[in-house]
Each structure stands twice: as structure tokens, then as C-alpha cells.
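Chemist: The structure under discussion is supplied below as C-alpha cells; questions concerning it will follow.
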């Protein structure tokens, strides 16, 4: 099995595109760093920050009274007020400037870019062998079909992991160089109006990891479609569409239907259970994790079934 | 067990279509068998089932005594094959391709073995170039190389001479003969180049509409046909064919003759009768310029056989 994975990497290593993707990630991180540096002033905090926060809280309370019928807005505002109150009470000044931590958190959306790139690899790794005809020379050799497919899947996952880790490390490196470590290592997490203190590094790693979940799911989908349809364009197209539209679509549905909670995208953001509100009332983190594994089982199960059973013509 | 490959009532159905119908064929070790058949006859399907890319609907194929449907991994170790086009990773060098395929094999294949095989197929000079710069003939050579890396007992080659130049074809043919002779390798070759098959193979199996319609031993037809089949056709080139025909009809009334033009006479005769005919004409002072065996080429026989059966098949289905 290890040999098979190493063999997949042997082929992947010879592709210039995987290096190009890594370069894109690093360049994007540097670009966001530059933008952050230029607009740094916007983050400055006034000396009388306690009064400032209190005034902001008052504003939010008024807003809540006006929009009492909008539960999402009021919930969000209540959490902000709770954080402000906590800061005033415990004398925790908001980060006076952009630090490596806040900068890295701001880079989390770049995970989607890494996701897109890994999906391109995932969508082609099986179907590419079919369109290139090399699947024949591969499958007339002793390795069992399921092992070959598993090796390919693990290869895609390791490549994805490398890109995500690269994004994290590059963000930390650029962040430290441009913004320094900042003056506070405390992150305030708020859940249901209850505020708790947390080490910023713990928070960062969890937030980063949870944010990659929809990447893993979509990469798995692209991979499964690649094995099922044996066509790179179809698998990339379908999974990209799902990746870009799935979240929006699910939010729209969530307002009206309770069964939305069974949809994949209602479950991919585990950050909601730590701070924020679930997609649909009553969802828990355990429920979401179970749903994620069910979806993964369906994707991979179908892929393995078709790949091992079907004739290679 | 002296059989290299054994096909036992192999049937392949896709939907309600029967692609291969109860195909049985025994191929001995050290034998080179040519697989012939018109387009769509089922040659490639048969080959794909032998190498385990396609599953059979019923029946079984044994490779060196092991069942492909039950022990594919074990039979794969005994097999080397080219299936249809020699497709490789074009962004990698020929050498990297071979190294990759060598690593997919269960046994360890060293660099020395790879170099050896590369020099056998005559690619040493260009092996470090990317495959996308290769010609079809070079890819074909690389295809042969990858099939030989693990020293298989059975070699299955689909259209292997496609794209090779005449010198390459001859080299290839001689190498195939040597593998069968020296290493007792069992070799199946499918090709459209009938003359090529005729030179390379011990035996041909003709497939049509998914059925085995005939196997023919090549050596037999070339060397012994005249003795085995008395009705062989002989062409004589003479001064005057009608006059010669008269002479022969007088002396040998049972002889079948047919004049073709003024100078050619066709007779149906075995070797002994041919000698008699020459003697008769010679003593009559009738000039004989040339006598030759009008041997049908494999191509003629192939077309004859497939045509016949094709019509028979069509008839059977139209009724």
C-alpha cells in the first residue's frame, strides 16, 4: 500500500502544476499581507476604548429593539455585546493592531483557493488515467483495484494537507514578519452569550482545521466523481459548482425547511458550534460529524464500487 | 501442465449483446499464436479478458494454470501485455515510465534489468526524453519494454507492430520468435498485418462475431500443404496453354485443368502428379517456362473464411 502511494507521488511530483499551485498559495498570502500592512491604520484602537465599546454596545442594543423579528441579527449582536461587556469588565483591551494571529485568521478564506486547487488534482487523478489510456497498463499489474484507488485518494488528501499546512505556515511567517506577535494572546470566544477566554493559538488551529472541512468533503466528492464518471471535466465541474453554490443554496433552504439540516453544507462549518449559531435549530456538533461521515461513506462507497466492478474498456 | 493459456467457454455479454460466445482455445507454452479477425470480431475484448481488465460473463481463462477470474493478482504477475495503443505518461521520460511500471510489479526490478530491456527494444538513446516527444514506433518499443520488465511467462500483444518501420518489424518478429524458442514464453499477438502474423506465428486463431471460426497451423500450410492436401493448385507458364491442355487431357483424363489466357495453365495436382505433367509435356517437346505453386496467402484464406462465415452468420440470423 505504501509503495502504491509512493508511486502515485512519483507521478504527481513530475507534474509542474502542483508546484505552480503551491506558488499561487504563497503569492496570495504575501498579497493579503501587503494589503493588511497598507490598511493597518483602520485597526487602531482609541485610548478611551472602554467608553468606545460601551457606546458601540448601546448602538447594538438599539438595533436589536428595532429588528426584534430578525433572530439571526439579534443573536449576533447579543454575542458582540457580551464580548464588549466582558472586555470592559475584565480590562482586556481589544488587539490594538493587526497581529500575526488576527492576520492568519483573516487568511482563512484562502482555504477555499487551496480547496479549488486540490479539487483540480482530485478530479483528474483517476479520470486522467482513463483519458490517457494508462489505466490499462496500470490495472494489468498485480495490485488490486481497490488498493490502487485508495492509494490515489490518500495521495490527494496528503497533497491537500500539504497545501493547507503551507497556507498556515506561510500566513504565520508573513504575519510575524509584517505585524509581529501582537500584545495579547487571549481570544474571547462567545457562545450563546457566554464569553470564555482561550489561548489564541488553540483558537487559531481549531478555527483553521474546522474551516478545511468543506474542502475535504468537496475534494472527496471531486475524487469520487472522477472515479465514477472517468471524466475530469464532469467531475471538476460538478464538484466546483457544489463548492461555490452549496453554501448559499443551503442557507436559502434553511430559512424555510427543517430538513435542510440533513444537507451536506449545513454540516460542514463546525465553527458554528463553538461560536455562533447552528444552521437549523437543534443541530449539534455530534450530529454534524455523523452526517459528514455518512456523506463521505456515500461518496467513497460509490467510487470504490464502480471502480472495482466496472470493465476497463 | 504444458498449456500457457487456456480459454474455456469464455462468454462475454454486455446487456443483451453477446460479444464473445463460448470461445475455447488452448495455447501451448512456447507457442506464438496470432489472433485474427475482422474489426469488431472480439479480439480486443478477448485480450482484455485475458489480462483481467474485463470480467467474463461465464467461462474462465487460465494463465499458466491459474484462473484469471479467481486469482487475477497471481496471473498478473505471469503476464506481460500491450493493450491497444501503447499509452504512457507523456509528461514523464521513457525511463521514468518504466521505473513507475516496474515498481507496480510485486517483485523488485532493478535498474540493471530496466537498462537491459531498454537496450533490447533499442531505446537506449532516447529513454531519458519525455514520452510526448516519441514517435508511435518508439512508444510501441516502450510498450514492449514495459511488458517484458518482470520476465513474464505469457506475453499478450495487441497490435504490437503498429507504427514500427520495416526494420523494426523484422527485429520485433525475430525477438518474439526468440522469446518463444529460448524462454519457452507463450505469446499471443493480434494484428491486422496478416503477412506479419504469417511470418511470426506458429498458429493463427480466427475469430469472427465473437466465435472461434478456425485455428490454422502456419508451418503446416507452408511446408506440408501439398502432401496433405492433394488438391493444391499449380500454375504453369507455357508456350501454348490450350495445346498443352489437349495433351494432358489425352494422357491424364482425371486431371483438372483450366487454361488462363494463352500462356497460363492451372492444374489441380499433388507433387507426384505435377512431376508426371512436366514429364509428359517435356517429352512432347512442349516448352515449359515456369511452374509454380499457386499457394493462397493467409490473407486469401482469411478473407475466404471470414467471408463465408459472415454470410453463414447473416443467413442464420435473417431466417
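Chemist: If you check B:85, B:97, which single one turns out to be within 17 Å of residue B:144 (Cα to Cα), at pLDDT below 90 and assigned by TED's automatic domain parsing to the domain that holds residue B:214? If you could, list the steps in order and put the result at the bottom.
Modeler: Numbers: B:97 fails: at pLDDT below 90.
Unique residue meeting the criteria: B:85.
Chemist: Shifting gears a bit: Can you tell me which condition residue A:186 does not meet? The list is (1) modelled with pLDDT of 95 or more; (2) surrounded by fewer than 18 Cβ atoms within 10 Å (Cβ to Cβ), and all the others hold.
Modeler: (1)
Chemist: Identify, from the list B:169, B:156, B:197, the residue that is modelled with pLDDT under 90, in contact with a strand residue (DSSP E or B) (Cβ under 6 Å, 6 or more places away or on another chain) and either buried (at least 19 other Cβ atoms within 10 Å of the Cβ) or farther than 30 Å from residue A:1 by Cβ (or both).
Modeler: On the way: B:169 fails: in contact with a strand residue (DSSP E or B) (Cβ under 6 Å, 6 or more places away or on another chain); B:156 fails: modelled with pLDDT under 90.
After ruling out the rest, the residue left standing is B:197.
Chemist: Do we have residue B:59 as within 30 Å of residue A:12 (Cβ to Cβ) and either part of a strand (DSSP E or B) or over 22 Å from the mean Cα position of the chain (by Cα) (or both) here?
Modeler: On the way: within 30 Å of residue A:12 (Cβ to Cβ): no; either part of a strand (DSSP E or B) or over 22 Å from the mean Cα position of the chain (by Cα) (or both): yes.
Answer is no for this residue.
Chemist: Let me ask another. Looking at B:206, B:169, B:156, B:127, can you tell me which residue is closer than 22 Å to residue B:79 by Cβ and assigned by TED's automatic domain parsing to the domain that holds residue B:43?
Modeler: Working: B:206 fails: closer than 22 Å to residue B:79 by Cβ; B:169 fails: closer than 22 Å to residue B:79 by Cβ; B:127 fails: closer than 22 Å to residue B:79 by Cβ.
Just one listed residue meets the conditions, B:156.
Chemist: A follow-up question, please. So which of B:149, B:79, B:123 is in contact with a helix residue (DSSP H, G or I) (Cβ under 6 Å, 6 or more places away or on another chain) and within 14 Å of another protein chain (Cβ to nearest Cβ)?
Modeler: Details: B:79 fails: in contact with a helix residue (DSSP H, G or I) (Cβ under 6 Å, 6 or more places away or on another chain); B:123 fails: within 14 Å of another protein chain (Cβ to nearest Cβ).
After ruling out the rest, the residue left standing is B:149.
Chemist: Let me ask something additional. I want to confirm something. Restricting to the stretch B:12-42 and keeping residues that are within 14 Å of another protein chain (Cβ to nearest Cβ) and either crowded, with 23+ Cβ neighbours inside 10 Å or within 26 Å of residue A:141 (Cβ to Cβ) (or both), which single residue is farthest from the chain's Cα centre (by Cα)?
Modeler: Restricting to residues being within 14 Å of another protein chain (Cβ to nearest Cβ) and either crowded, with 23+ Cβ neighbours inside 10 Å or within 26 Å of residue A:141 (Cβ to Cβ) (or both), the top hit is B:14.
Chemist: Right, something else. Is it true that residue A:94 is free of Cβ contacts under 8 Å to residues at least 60 places away in the same chain, within 14 Å of chain B (Cβ to nearest Cβ) and in a loop (DSSP other than H, G, I, E, B)? Let's see the steps before the verdict.
Modeler: Working: free of Cβ contacts under 8 Å to residues at least 60 places away in the same chain: yes; within 14 Å of chain B (Cβ to nearest Cβ): no; in a loop (DSSP other than H, G, I, E, B): yes.
Judged against the criteria, residue A:94 is not a match.
Chemist: Which of (1) within 14 Å of another protein chain (Cβ to nearest Cβ); (2) surrounded by fewer than 17 Cβ atoms within 10 Å (Cβ to Cβ); (3) in contact with a strand residue (DSSP E or B) (Cβ under 6 Å, 6 or more places away or on another chain) does residue B:8 not meet, given it meets every other one?
Modeler: Residue B:8 satisfies every listed condition except (1).
Chemist: Have a look at A:30, A:88, A:72 and point out the one that is in the same structural domain as residue A:104 (by TED's automatic domain parsing) and either over 30 Å from residue B:91 (Cβ atoms) or in contact (Cβ under 8 Å) with a residue 40 or more places away in the chain (or both).
Modeler: Details: A:88 fails: in the same structural domain as residue A:104 (by TED's automatic domain parsing); A:72 fails: in the same structural domain as residue A:104 (by TED's automatic domain parsing).
Within the list A:30, A:88, A:72, the selection yields A:30.
Chemist: Among (1) assigned to a loop (DSSP other than H, G, I, E, B); (2) within 14 Å of chain B (Cβ to nearest Cβ), there is one condition residue A:280 misses while meeting the rest; what is its number?
Modeler: For residue A:280, the exception is condition (2).
Chemist: Tally the residues that are facing chain A (nearest Cβ under 7 Å) and either under 19 Å from residue B:119 (Cα atoms) or surrounded by fewer than 20 Cβ atoms within 10 Å (Cβ to Cβ) (or both), restricting the search to the stretch B:65-76. Spell out how you get there, then give the answer.
Modeler: Start the filter on the stretch B:65-76 by keeping residues that are facing chain A (nearest Cβ under 7 Å), which leaves B:73, B:76.
Narrowing the set further to residues that are either under 19 Å from residue B:119 (Cα atoms) or surrounded by fewer than 20 Cβ atoms within 10 Å (Cβ to Cβ) (or both) leaves B:73.
Final tally of qualifying residues: 1.
Chemist: Among A:275, A:288, which is the only one that is surrounded by 18 or more Cβ atoms within 10 Å (Cβ to Cβ), within 27 Å of residue A:72 (Cβ to Cβ) and in contact with a strand residue (DSSP E or B) (Cβ under 6 Å, 6 or more places away or on another chain)? Outline the logic, then answer.
Modeler: Working: A:288 fails: in contact with a strand residue (DSSP E or B) (Cβ under 6 Å, 6 or more places away or on another chain).
Just a single option satisfies the conditions, and that option is A:275.
Chemist: Name the residue that is farthest from the other protein chains (Cβ to nearest Cβ), counting only residues in the stretch A:132-146 that are under 15 Å from residue A:304 (Cα atoms) and either surrounded by fewer than 16 Cβ atoms within 10 Å (Cβ to Cβ) or touching a strand residue (DSSP E or B) at 6+ places or on another chain (Cβ under 7 Å) (or both). Spell out the reasoning first.
Modeler: Of all residues in the stretch A:132-146, those under 15 Å from residue A:304 (Cα atoms) come to A:139, A:143-146.
Filter once more, keeping what is either surrounded by fewer than 16 Cβ atoms within 10 Å (Cβ to Cβ) or touching a strand residue (DSSP E or B) at 6+ places or on another chain (Cβ under 7 Å) (or both): A:144, A:146.
Details: A:144: 6, A:146: 12 Å.
Among them, the one singled out is A:146.
Chemist: Next question. Starting from residues that are assigned to a loop (DSSP other than H, G, I, E, B) and either in contact (Cβ under 8 Å) with a residue 24 or more places away in the chain or farther than 21 Å from residue A:229 by Cα (or both), keep the ones in the stretch A:283-313 and report whichever is nearest to the other protein chains (Cβ to nearest Cβ).
Modeler: Narrowing the stretch A:283-313 to residues assigned to a loop (DSSP other than H, G, I, E, B): A:283-284, A:310-313.
After this cut, where a residue has to be either in contact (Cβ under 8 Å) with a residue 24 or more places away in the chain or farther than 21 Å from residue A:229 by Cα (or both) as well, the list is A:283-284, A:312.
Details: A:283: 44, A:284: 45, A:312: 4 Å.
Of everything passing the filter in the stretch A:283-313, A:312 is nearest to the other protein chains (Cβ to nearest Cβ).
Chemist: Which residue, of B:10, B:33, is assigned to a strand (DSSP E or B), more than 14 Å from residue B:203 (Cβ to Cβ) and in contact (Cβ under 8 Å) with a residue 24 or more places away in the chain?
Modeler: Values: B:33 fails: more than 14 Å from residue B:203 (Cβ to Cβ).
When all the criteria are applied, what remains is B:10.
Chemist: Would you pick out the residues in the stretch A:1-16 that are out of contact with any helix residue (DSSP H, G or I) (no Cβ under 8 Å at 6 or more places or on another chain) and either away from chain B (no Cβ under 11 Å) or in contact (Cβ under 8 Å) with a residue 12 or more places away in the chain (or both)?
Modeler: A:2
Chemist: Out of all the residues in the stretch B:185-211, which are more than 23 Å from residue B:153 (Cα to Cα), over 8 Å from the mean Cα position of the chain (by Cα) and not in a strand (DSSP E or B)?
Modeler: Step one: of the stretch B:185-211, the residues more than 23 Å from residue B:153 (Cα to Cα) are B:192-195, B:206-211.
Narrowing the set further to residues that are over 8 Å from the mean Cα position of the chain (by Cα) leaves B:192-193, B:195, B:206-211.
Within the stretch B:185-211, B:192, B:193, B:195, B:209, B:210 qualify.
Chemist: From the residues in the stretch B:43-64 that are under 23 Å from residue B:142 (Cα atoms) and at the interface with chain A (Cβ under 8 Å from one of its Cβ atoms), which one is surrounded by the most Cβ atoms within 10 Å (Cβ to Cβ)?
Modeler: If we take residues in the stretch B:43-64 being under 23 Å from residue B:142 (Cα atoms) and at the interface with chain A (Cβ under 8 Å from one of its Cβ atoms), then B:51 is surrounded by the most Cβ atoms within 10 Å (Cβ to Cβ).
The values are calculated or read from the model by the stated rules, or taken from the named source; none is laboratory data. Bear in mind that the values here come from a model prediction, so they are computed numbers and not experimental data. Methodologically, a virtual Cβ is constructed for each residue, glycine included, from the backbone with ideal geometry; neighbour enumeration extends over all protein chains shown.
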